[in-house]
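Take a look at the structure set out below.
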Amino acid sequence: MTSSVQLDSYLQAWSLTDAHLLTTTATSSIYTVQHQGETVVLKLLNEVGAADEGGGAVALDYWQGQGAVRLLQQDAHAHLLEYAEGADLAKRVRQGNDSEATRMIAGVLNQLHSASSPLPTAGLKPLSLWFRSLFRRAQQEHTEELAALFQQGAAVAEKLLADPREVRVLHGDIHHENIRHKAGRGWLAFDPKGLIGERTYDAANTLCNPPGMPELVLNENRLRSQAALLAREARLDEGRLLAYTFAYACLSASWSMEDGGDATAALTIASMLRHDVQAR
C-alpha cells in the first residue's frame, strides 16, 4: 500500500482531515491532522516501525496520559496521538537552563513511574533483552581496550539486572528532545520504546543528552552535577544511576558500532564513569 493510499485510508477510517506532514523518520511518517476539532498526530508506521513500535503503544496506553501524550487510537500500522505543540527541553538547555531541564525530566519520570495499574503482561521488552547488543559485543570485541570496557559494562548490567528495584513500565528513550510542552498539560514524553524493568534505567539516557551538544554532554563536571540533581529530584539512588549510566553508555556505543556509526561520545561517557563503578 502506497503512502498516499495509506494516509487516505486512515483519514477516512478515523474521521481525520487536513493532514500536514511533520517529519519522516526511520520508522514512520508523522502528520498533524484534525480530529473532532483538535490538532492531533497521525503516525503511519513503515515495516520497521510496525515491527518495533508496538511496545511504545502498550506503554502509552498504560500511562493514559500521565506524564506522556495520550494514545487516542491505534492498530498495527498507525497510531493517533495527542499533539504537544510546544518546544522541547533541548531549547531550555540551549538557553542556558540545563539544570531546569533536568528537573523537568525528573518530574516527567516521576509521573510516568507513579502509574499504579497492574503491569502489562505482554508487549513490553524486558531490559535483559534490551541489553543484548552489549552482551554480544562483550564476547566478540577484539580490540583489547574496548573489550575490557564492554566486558565491564556487561558485568555491571548483569549485576543490576539480577537485582531490579522498583520495576515499572519504562519509556526507554527519555531525553530532552522526546519531551515537549503542551498548553494546559505541561511537559509530556512521547515516542517511547516500551520497556519493563528498574525505573533507574529510564534516567540514564538523560545524562548522555541533549544530542548535538558535545561540549556540554562530554563535560565530566556537568555529568556528575546533573546526575546528583536527577537522582535527588527523581528519588533515585545516585550510585545506581551512575552505574546504569555507565552500562547504558556501553550499550549505546555497542549500538553505534553495530550500525557503523560514531561511538566516540558514548565511549567517552563510559570512560568517565568506569572507575566509579569499579569502586562500588
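For the structure I just gave you, tell me whether residue 240 is under 16 Å from residue 161 (Cβ atoms), surrounded by fewer than 21 Cβ atoms within 10 Å (Cβ to Cβ) and in contact (Cβ under 8 Å) with a residue 40 or more places away in the chain.
Values: under 16 Å from residue 161 (Cβ atoms): yes; surrounded by fewer than 21 Cβ atoms within 10 Å (Cβ to Cβ): yes; in contact (Cβ under 8 Å) with a residue 40 or more places away in the chain: yes.
Yes.
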**Asked** Just checking, how many residues over segment 51-84 are over 22 Å from residue 14 (Cα atoms) and of a type in the set (Ser, Thr, Tyr)?
**Response** 0
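Go through 126, 118 for me and flag whichever is within 17 Å of residue 199 (Cβ to Cβ) and more than 21 Å from the chain's Cα centre (by Cα). Outline the logic, then answer.
On the way: 126 fails: more than 21 Å from the chain's Cα centre (by Cα).
Only one candidate qualifies: 118.
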**Request:** For residue 230, state whether it is in the same structural domain as residue 113 (by TED's automatic domain parsing), more than 27 Å from residue 82 (Cβ to Cβ) and at pLDDT 95 or above.
**Result:** no
**Request:** Give the number of residues within segment 267-279 that are within 15 Å of residue 242 (Cβ to Cβ), modelled with pLDDT of 95 or more and of a type in the set (A, V, I, L, M, F, W, C).
**Result:** 4
**Asked** Within segment 87-103, can one find any residue that is exposed (fewer than 14 other Cβ atoms within 10 Å of the Cβ), in contact with an Asp or Glu (Cβ under 9 Å, 6 or more places away or on another chain) and free of Cβ contacts under 8 Å to residues at least 40 places away in the same chain?
**Response** no
**Prompt:** Among the candidates 66, 74, 111, which residue alone is within 21 Å of the chain's Cα centre (by Cα), under 18 Å from residue 185 (Cβ atoms) and not in a loop (DSSP other than H, G, I, E, B)?
**Reply:** 111
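For segment 13-28, check the following and say yes or no: at least one residue is assigned to a helix (DSSP H, G or I), at pLDDT 95 or above and not assigned by TED's automatic domain parsing to the domain that holds residue 227. Break it down stepwise before answering.
Taking segment 13-28 and keeping what is assigned to a helix (DSSP H, G or I), we get 13.
From the residues that got through so far, the ones that are at pLDDT 95 or above too are 13.
From the residues that got through so far, the ones that are not assigned by TED's automatic domain parsing to the domain that holds residue 227 too are 13.
Yes; the residues of segment 13-28 include at least one that is assigned to a helix (DSSP H, G or I), at pLDDT 95 or above and not assigned by TED's automatic domain parsing to the domain that holds residue 227.
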**Complete:** Okay, helices (runs of 4 or more DSSP H) sitting entirely in segment 115-188 with 2 or more residues that are surrounded by 18 or more Cβ atoms within 10 Å (Cβ to Cβ) and either in contact with a Phe, Trp or Tyr (Cβ under 6 Å, 6 or more places away or on another chain) or not hydrophobic (A, V, I, L, M, F, W, C) (or both), I get 132-140, 144-162
**Failed item in (1) under 16 Å from the mean Cα position of the chain (by Cα); (2) buried (at least 19 other Cβ atoms within 10 Å of the Cβ); (3) outside any helix (DSSP H, G or I), with residue 245 passing the rest** = (3)
**Prompt:** Only one of (1) of a type in the set (Gly, Ala, Ser); (2) within 17 Å of the chain's Cα centre (by Cα); (3) within 26 Å of residue 23 (Cβ to Cβ) is not met by residue 87, so which one is it?
**Reply:** (2)
**Message:** Return the residues of segment 90-108 that are among the small types (Gly, Ala, Ser) and within 17 Å of the chain's Cα centre (by Cα); say none if nothing qualifies.
**Reply:** 90, 101, 106, 107
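What's the total number of residues in segment 161-174 that are out of contact with any strand residue (DSSP E or B) (no Cβ under 7 Å at 6 or more places or on another chain) and of a type outside the set (D, E, K, R)? Even if it seems obvious, please write down each step before you answer.
Residues of segment 161-174 out of contact with any strand residue (DSSP E or B) (no Cβ under 7 Å at 6 or more places or on another chain): 161-163, 168, 173.
Those still in the list that are of a type outside the set (D, E, K, R) too: 161-162.
Of the residues in that region, 2 qualify.
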**Item:** Exclusive hit being farther than 21 Å from residue 56 by Cβ, of a type in the set (Gly, Ala, Ser), in contact with a helix residue (DSSP H, G or I) (Cβ under 9 Å, 6 or more places away or on another chain) and in contact (Cβ under 8 Å) with a residue 12 or more places away in the chain, set 106, 147, 115
**Value:** 106
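Looking at segment 17-55, which of the residues that are of a type in the set (D, E, K, R) and crowded, with 20+ Cβ neighbours inside 10 Å is nearest to residue 122 (Cα to Cα)?
First pass over segment 17-55, keeping only residues of a type in the set (D, E, K, R): 18, 38, 43, 47, 52-53.
Now drop any that are not crowded, with 20+ Cβ neighbours inside 10 Å, which leaves 43, 53.
Values: 43: 22, 53: 14 Å.
Looking at the filtered set, the residue picked out is 53.
Quick one: which of 100, 85 is more than 15 Å from residue 192 (Cβ to Cβ), out of contact with any Phe, Trp or Tyr (no Cβ under 9 Å at 6 or more places or on another chain) and outside any helix (DSSP H, G or I)? I'd like the intermediate steps shown before the answer.
Details: 100 fails: outside any helix (DSSP H, G or I).
Testing whether each residue is more than 15 Å from residue 192 (Cβ to Cβ), out of contact with any Phe, Trp or Tyr (no Cβ under 9 Å at 6 or more places or on another chain) and outside any helix (DSSP H, G or I) leaves just 85.
The values are calculated or read from the model by the stated rules, or taken from the named source; none is laboratory data. A quick note: this is a predicted structure, and the numbers were derived from the prediction, not measured. Neighbour counts run over all protein chains shown; Cβ positions are idealised from the backbone, glycine included.
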